[in-house]
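These notes concern the structure reproduced below.
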Amino acid sequence: MGADKKMIIQINRNDIAIPERSTGMNLLTFLREELRLTGVKIGCGKGFCGSCTILVDHKPAKACQKTVVDIAGSSVLTIEGMANPDGTLHPLQQAFIDAGAIQCGYCTPGMVLTAHGYLMRNPNPTREQIKRAMAPNLCRCTGYQQIFEAIETAAEHYHL
Ligand code: FES
Ligand code: FES
């Protein structure tokens, strides 16, 4: 990449020009420290807990396992981009609140994004399918049942 060339990534519907010095950074560090998207949480840092999950081109990805250059030209969604432009929560976020699926909240951004990516591909999931889809995301507080309930309830909003 030339000195004046910048890599473009679309993040939460905005095109962001990435300075060359940042292209080799760990993606989780970049999102949190350079873009201040601190809804992307740091957990294990090793790809095991799912707290750093974002969507890259609509598919869940663990930001701690990527560098910035891995997502060149992609479209990224973090939890900061889930709400509607008028500030109202996305129905999936609201369903998490209504079902009591949030306790400490640390796992919640990653949970919501994994579920969002899944429901876009499969808007009619069974409870078993939801459990399998959410297996990469760990929660130390809720016991998972309310999370599964929230996803089941929100699924109808993904029907075309
Ligand atoms: S912080 Fe990325 S999977 Fe745990
Ligand atoms: S709500 Fe605390 S880790 Fe899930």
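The values are calculated or read from the model by the stated rules, or taken from the named source; none is laboratory data. These numbers were taken from a predicted model, which means no experiment stands behind them. Note that we place each Cβ from the backbone using ideal geometry, even for glycine, and neighbour counts take in every protein chain shown. The accessibility values were calculated without ligands, DNA or RNA, using every heavy atom of the protein model including side chains. Shrake-Rupley method; radii C 1.70, N 1.55, O 1.52, S 1.80 Å.
Key figures for this structure:
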{"item": "Boolean, A61 is closer than 30 Å to P19 by Cβ, open to solvent by less than 30 Å² (accessible area, probe 1.4 Å) and within 14 Å of the chain's Cα centre (by Cα)", "result": "yes"}
{"item": "Which numbered condition L27 misses (of (1) in contact with a Lys or Arg (Cβ under 6 Å, 6 or more places away or on another chain); (2) more than 22 Å from M120 (Cβ to Cβ))", "result": "(2)"}
{"item": "Selection from the range 93-119 of residues that are open to solvent by 10 Å² or more (accessible area, probe 1.4 Å), assigned to a helix (DSSP H, G or I) and within 9 Å of ligand 2 (Cβ to nearest atom)", "result": "T108"}
{"item": "Matching residues in the range 120-160 - criterion: being touching a residue at least 40 places away in the same chain (Cβ under 8 Å), open to solvent by less than 20 Å² (accessible area, probe 1.4 Å) and away from ligand 1 (no atom under 16 Å from the Cβ)", "result": "T142, I147, A150, I151, A154"}
{"item": "Residue match in the range 47-62 (condition: over 15 Å from H116 (Cα atoms), within 16 Å of ligand 2 (Cβ to nearest atom) and hydrophobic (A, V, I, L, M, F, W, C))", "result": "yes"}
{"item": "Single residue of the range 15-57 satisfying the filter (under 16 Å from the mean Cα position of the chain (by Cα) and without any contact (Cβ under 8 Å) to a residue 12 or more places away in the chain) that is most open to solvent (accessible area, probe 1.4 Å)", "result": "R36"}
{"item": "Members of the range 64-82 that are in a helix (DSSP H, G or I), closer than 11 Å to P109 by Cβ and hydrophobic (A, V, I, L, M, F, W, C)", "result": "I79"}
{"item": "Members of the range 38-53 that are more than 6 Å from ligand 1 (Cβ to nearest atom), in a loop (DSSP other than H, G, I, E, B) and among the polar types (S, T, N, Q)", "result": "T38"}
{"item": "Conditions (1) assigned to a helix (DSSP H, G or I); (2) open to solvent by 70 Å² or more (accessible area, probe 1.4 Å); number of the one not met by D86", "result": "(1)"}
{"item": "Condition met for R32 (outside any loop (DSSP other than H, G, I, E, B) and within 28 Å of Y144 (Cα to Cα))", "result": "yes"}
